[in-house]
Every structure is written in structure tokens, then in C-alpha cells.
Amino acid sequence: IYTVDSGFTTADAMAVKNGEIVFIGNAVELEKHFQSKHLEDLEGAFVYPGFADPHCHFLGYARTLLNVDLVGTLSQQDVVEKASEFFGENPEGWVQGRGWDQNDWSESGWDVSKFPSKEVLDEAFPNNPVAFRRVDGHAVWVNSKALEMAQIFKAQEIEGGEIVIEQNGEPTGILIDNAADLVLNIIPENIKERDAEAIQRAQKNCFAVGLTFLHDAGLPLNDVLFLKDQYEQEKLKLRIYQMISHEEEAVDYFEANGPILTDRFWVRSIKCYMDGALGSRGAWLKQPYHDASGQSGLQVTQNEAMRSLLQ
């Protein structure tokens, strides 16, 4: 048993009462002071304190378990084939996934300085709106059906975002940073029963690799209150330090009600974005990207909005 105290002490026995470790040390000493009807012999296996993830998106991860995982796909066609296999021949509603990265497509002959476009998704899913988030979460690749539903038909100024446009003036199907919200915000919210199922699966996966404490980097108010409800029903056992998103509704709520401070669920900080990510060319640089002439990234949150929030 690794205690990870100041001396990195090891032990061979522990006693747990009401969910708390009350003794850690030598097995002979344990038997002198404690009795229990439940004894667990780990047969020499190692015991560690729970691991903590200092930056993740737990609810977002949970929801991806119900959508297609595109991490590791090696071409546009690979993305389409994986999504088609996951959703079947006649999917209903939105086709969603996350994890594509054009930088992984070079062996297929893809020019990694370019983003994919909507045509391949139109062909694969002509009757469904499609939204595939990039691996970094800062761009979304959509089809014509999704663009139509979001009423995106031409270039428009989006503060802190970009609608990538073809030479003919039509949207390519790539929406970066704040522009992605034009589509993401019209996708129907996950019903609570579906979310409840998803977080149980995600929690099980976390525990399986020793993760017991997570820092979740930003959620809107409804999602934060949903997780709070899951804790109150004792369905969530993970410890989560939850940040709220920089949105007026969430900021106003916690300004009025104060932080949430329990033994497993904390809400006391705000996740802000000053710029985007390198892979989707939204990171705000002093000089243009070498493979994207004239582009130097996006300031997602304007200075005055940041000052106001800090005050």
C-alpha cells in the first residue's frame, strides 16, 4: 500500500470504516486493534491513492460514449466509415461525434494545412444533420443539413469565431470557436435519463483506471445543477471540482447563491477562454500561421468582457 505521505511510506494492511481509512500499517498491528466481517486479500497487488485529473470534461466525455469516437481516424473516409458503422444505415436525428484531427490524415495524401468540407458528410448522411467536433473541441465539422438548420448560408462576422468559407462564398462546413456554437446550440439538449446513463458508464471507466478526482473545466448552469442532483441522489461517487462556463446565466446564479462546497462536489471557479487552439488555428498568435496566410487566430473573449468578469 503506497501512502504517498512525506516519506512515501509503504504498508501491507489498512482498515476502512464508513468510507474512510482509519488505519494503515502492519497487518499484525491491524489485527490487534480491529475486527471486521469483511476481509479483502489482494494477494500481493498494489494499492495506490486515487489518481486526479487536473483538466478534463467529464460530462462531455460521458456524452461521447453515446456518440461515435473519432480519435485516431486516419482519413475523411475513415471518419465516415466509423460514423456509419456506429449509427447504422438509417440513423435518427443528429449524427454526432468527436475526435477527428486532420493532422493525422497525412498518410492518406491529405494536405494537413486544409480542413475537410461538408460534401463528404452530405453524401454519407443526406437526411441527417451532422456535427463532428475536432479533437481539441475548438472546431466543428458539419454537413449542409446542419448549416441549413443553423441558418448559415454565407460569411458573417462572429466575434471570437470564424465560419470558414469556400472561394465561391459558401460555408465549407468548418466552424471555429464561437462560430461552432451556431450549430452546437441548436442540437437538442440531452435528456436527463440519457445523461444519467452516460455518467454512470463514464464513472465506471474512470474508476477502472484509478481516477477518483476530476477537475472539470467548464459547464453551463443546467449541466452543473444536473450533476449536483446526481450527487444528492448518491449516484455519483467521483470527486469533482467543477468550473462553470463563462456565461451570464451561470455567473449570475452563483453570484446570487454562492459556491457549492461538499465533500465530493465543489463549484467555485469560472472557466474562461482568451483564444482558441493551435490545431484549429484559433490560438491567438503575434504572427500569422505559416500554413494559413493572413490568419493569426481568434480572441474569443474581448478585453472588456474579461475585465467585467474579473471585477
Could you grab me the full set of residues in region 15-49 that are assigned to a helix (DSSP H, G or I) and surrounded by 10 or more Cβ atoms within 10 Å (Cβ to Cβ)?
Ala27, Glu29, Leu30, Glu31, His33
Among the candidates Phe34, Phe86, Phe8, residue that is free of Cβ contacts under 8 Å to residues at least 60 places away in the same chain, among the aromatic types (Phe, Trp, Tyr), out of contact with any His (no Cβ under 9 Å at 6 or more places or on another chain) and closer than 26 Å to Arg133 by Cβ:
Phe86
With the first residue restricted to region 135-153 and required to be on the phi > 0 side of the Ramachandran plot, and the second required to be open to solvent by less than 60 Å² (accessible area, probe 1.4 Å) and assigned to a helix (DSSP H, G or I), Cβ contacts under 8 Å at 6 or more apart or on different chains are Gly137/Gly60
Exactly one of (1) open to solvent by less than 80 Å² (accessible area, probe 1.4 Å); (2) more than 30 Å from Gly279 (Cα to Cα) is unmet by Thr73. Its number?
(2)
Checking Ile186 against (1) of a type in the set (A, V, I, L, M); (2) part of a helix (DSSP H, G or I); (3) open to solvent by 40 Å² or more (accessible area, probe 1.4 Å), only one condition comes out false. Which one?
(2)
Within region 253-286, the count of residues that are in a loop (DSSP other than H, G, I, E, B) and open to solvent by 50 Å² or more (accessible area, probe 1.4 Å) comes to 10
The condition from (1) open to solvent by 40 Å² or more (accessible area, probe 1.4 Å); (2) of a type in the set (A, V, I, L, M, F, W, C); (3) within 22 Å of the chain's Cα centre (by Cα); (4) farther than 30 Å from Tyr289 by Cα that Met149 misses is numbered (3)
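Rundown of residues vs (1) in contact with a Phe, Trp or Tyr (Cβ under 8 Å, 6 or more places away or on another chain); (2) charged (D, E, K, R); (3) buried (at least 21 other Cβ atoms within 10 Å of the Cβ), yes/no style:
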| site | (1), (2), (3) |
| --- | --- |
| Gly93 | no, no, no |
| Arg98 | yes, yes, yes |
| Asp122 | no, yes, no |
| Pro129 | yes, no, yes |
| Arg134 | yes, yes, yes |
Exactly one condition in (1) more than 24 Å from Ala196 (Cβ to Cβ); (2) polar (S, T, N, Q); (3) touching a Lys or Arg at 6+ places or on another chain (Cβ under 6 Å) is not met by Thr64; state its number.
(1)
Of all residues in region 50-75, how many are part of a loop (DSSP other than H, G, I, E, B) and in contact (Cβ under 8 Å) with a residue 60 or more places away in the chain?
6
I want to confirm something. Restricting to region 152-183 and keeping residues that are exposed (fewer than 15 other Cβ atoms within 10 Å of the Cβ) and touching a Pro at 6+ places or on another chain (Cβ under 9 Å), which single residue is nearest to Ser296 (Cα to Cα)?
Ile165
Looking across region 189-211 at residues that are surrounded by fewer than 15 Cβ atoms within 10 Å (Cβ to Cβ) and touching a strand residue (DSSP E or B) at 6+ places or on another chain (Cβ under 8 Å), the single one that is nearest to Lys237 (Cα to Cα) is Gly210
Residues in region 167-226 that are closer than 24 Å to Glu119 by Cβ and β-branched (Val, Ile, Thr) total 6
Name the residues in region 268-309 that are in contact with a Lys or Arg (Cβ under 6 Å, 6 or more places away or on another chain) and modelled with pLDDT of 90 or more, would you?
Tyr289
In region 50-70, what residues are open to solvent by less than 90 Å² (accessible area, probe 1.4 Å) and touching a strand residue (DSSP E or B) at 6+ places or on another chain (Cβ under 7 Å)?
Gly50, Ala52, Asp53, Cys56, His57, Phe58, Leu59, Thr64, Asn67, Val68, Asp69, Leu70
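The values are calculated or read from the model by the stated rules, or taken from the named source; none is laboratory data. This structure is a prediction, so every number in the text was calculated from the model and none was measured. Because the Cβ atoms are built from the backbone with ideal geometry, glycine has one as well, and the counts that use them run over all protein chains shown. Calculation scope for accessible area: heavy atoms of the full protein, side chains included, ligands and nucleic acids excluded. Shrake-Rupley method; radii C 1.70, N 1.55, O 1.52, S 1.80 Å.
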